[in-house]
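The values are calculated or read from the model by the stated rules, or taken from the named source; none is laboratory data. What you see is a predicted model; the values in this text were computed from it and never measured. Ideal geometry is used to build each Cβ from the backbone, glycine not excepted, and the neighbour counts take in all protein chains shown.
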Ligand SMILES: NC(=O)c1ccc[n+]([C@@H]2O[C@H](COP(=O)([O-])OP(=O)(O)OC[C@H]3O[C@@H](n4cnc5c(N)ncnc54)[C@H](O)[C@@H]3O)[C@@H](O)[C@H]2O)c1
């Protein structure tokens, strides 16, 4: 018996990478889950009933939900830059639509925001009160600013209309089930290493990231959803183990026993140089912190295998941000 037993939960974006892991964990915990997803970057696994729809024009919640998780948004730069207007609509209009429906149903909404709200940060590590160093005009703005606008909308709806909100600022998350061809660095590196192809480091790979295993992320999202103390405020969820991208590429080569070369390619536009969460708030309010180390997590990803032949990323397109 868990606190989720019998809870009616909608997972928007539940067919995506984190959403599938979250859906599985919620079902194991006894929740009744329905997924809402337009399958633009996700795939139906049949784990839970799927209501196929775009959240920006969703006419109703498929069940009278008590909790609505919003993970619906393409997270890889390749996917969210493919149609920036659709990304913005998903982030802003989609969050507004879900928030309106959650309010009408008396449901709590749990938003997956992102570390991208901190932009290319000038303070390190990033705590929740850091306002960010962001670029409005670049190719990443549809995602970064869309997520920022969605947060603003939720804080205002909580303040003015009493909407019950939780906001997770999700830092880079990885693990089994990421599509090798979605353009994110870790699955691209693993697939390339397994196939004996070059690992391409944008801008030389000296930029840092902190990678959180998806099992830890799901535990954090579920704890946040049930937390009274975290109501209405952003909470960083991520792993503070900061590494350069080059170090991660070399670790993957070692773990796979691959002899793939590492090559340097042009840096991505507006790619943040450093990224590391301050997770004091999550530790204090949720009693949460990540427990899966990078080496152990990468082993789980490598063991799960990757459709390496699908990873045909051209030079410079594998990105280190989400
Ligand atoms: N993975 C990360 O490292 C990371 C980091 C920061 C934030 N996040 C956030 O976490 C969430 C999940 O990320 P992910 O890695 O699982 O991404 P993903 O792309 O694998 O999954 C997103 C899911 O949302 C669905 N979707 C997209 N637009 C939609 C729309 N308009 N209507 C309905 N469904 C839609 C997609 O089909 C997909 O199933 C996203 O909101 C993302 O911004 C992820």
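Determine if segment 196-208 includes at least one residue that is within 16 Å of the ligand (Cβ to nearest atom) and either part of a loop (DSSP other than H, G, I, E, B) or within 24 Å of residue 290 (Cα to Cα) (or both).
Yes.
Please enumerate the residues belonging to segment 75-89 that are part of a loop (DSSP other than H, G, I, E, B) and touching a residue at least 60 places away in the same chain (Cβ under 8 Å).
75, 76
With respect to residue 186, is the statement that it is on the phi < 0 side of the Ramachandran plot, more than 16 Å from the ligand (Cβ to nearest atom) and surrounded by 19 or more Cβ atoms within 10 Å (Cβ to Cβ) true? Steps first, please.
Details: on the phi < 0 side of the Ramachandran plot: yes; more than 16 Å from the ligand (Cβ to nearest atom): no; surrounded by 19 or more Cβ atoms within 10 Å (Cβ to Cβ): yes.
No, not satisfied.
Any residue that is at pLDDT 95 or above, under 30 Å from residue 135 (Cα atoms), within 18 Å of the chain's Cα centre (by Cα) and not in a loop (DSSP other than H, G, I, E, B) - is there at least one of those in segment 265-286?
Yes; the residues of segment 265-286 include at least one that is at pLDDT 95 or above, under 30 Å from residue 135 (Cα atoms), within 18 Å of the chain's Cα centre (by Cα) and not in a loop (DSSP other than H, G, I, E, B).
Scan (1) assigned by TED's automatic domain parsing to the domain that holds residue 55; (2) surrounded by fewer than 24 Cβ atoms within 10 Å (Cβ to Cβ); (3) assigned to a helix (DSSP H, G or I); (4) more than 9 Å from the ligand (Cβ to nearest atom) for the single condition residue 138 breaks and write down its number.
(3)
Say whether the condition of being surrounded by 21 or more Cβ atoms within 10 Å (Cβ to Cβ), in the same structural domain as residue 299 (by TED's automatic domain parsing) and touching a strand residue (DSSP E or B) at 6+ places or on another chain (Cβ under 8 Å) is met by at least one residue in segment 216-233.
Looking for residues that are surrounded by 21 or more Cβ atoms within 10 Å (Cβ to Cβ), in the same structural domain as residue 299 (by TED's automatic domain parsing) and touching a strand residue (DSSP E or B) at 6+ places or on another chain (Cβ under 8 Å), one finds none in segment 216-233, hence no.
Hey, could you check segment 1-22 for residues that are in a loop (DSSP other than H, G, I, E, B) and near the ligand (Cβ under 8 Å from one of its atoms) and say which is nearest to residue 98 (Cα to Cα)? Steps first, answer last, please.
Initial filter on segment 1-22 (in a loop (DSSP other than H, G, I, E, B)): 1-7, 13-16.
Still in the running and near the ligand (Cβ under 8 Å from one of its atoms): 13-16.
On the way: 13: 12, 14: 14, 15: 17, 16: 17 Å.
My answer is 13.
Among residues belonging to segment 28-60 that are part of a helix (DSSP H, G or I) and surrounded by fewer than 16 Cβ atoms within 10 Å (Cβ to Cβ), point out the one that is farthest from the ligand (Cβ to nearest atom).
Start the filter on segment 28-60 by keeping residues that are part of a helix (DSSP H, G or I), which leaves 28, 55-57.
Of the ones still in play, those that are also surrounded by fewer than 16 Cβ atoms within 10 Å (Cβ to Cβ) are 28, 57.
Details: 28: 18, 57: 9 Å.
By that ranking, first place goes to 28.
Spot the failing condition for residue 106; the list is (1) near the ligand (Cβ under 10 Å from one of its atoms); (2) under 26 Å from residue 236 (Cα atoms), and only one is missed.
The one condition residue 106 does not meet is (1).
From the set of residues in segment 161-174 that are more than 9 Å from the ligand (Cβ to nearest atom) and in a loop (DSSP other than H, G, I, E, B), which is surrounded by the most Cβ atoms within 10 Å (Cβ to Cβ)? Full working, then the answer.
First, pick out the residues of segment 161-174 that are more than 9 Å from the ligand (Cβ to nearest atom): 161-167.
With in a loop (DSSP other than H, G, I, E, B) added as a condition, the list becomes 162-163.
Working: 162: 10, 163: 21.
My answer is 163.
Does residue 25 satisfy the criteria of being more than 7 Å from the ligand (Cβ to nearest atom), assigned to a loop (DSSP other than H, G, I, E, B) and more than 20 Å from residue 92 (Cα to Cα)? First the steps, then the outcome.
Values: more than 7 Å from the ligand (Cβ to nearest atom): yes; assigned to a loop (DSSP other than H, G, I, E, B): no; more than 20 Å from residue 92 (Cα to Cα): yes.
Taking the combined requirement at face value, the residue does not satisfy it.
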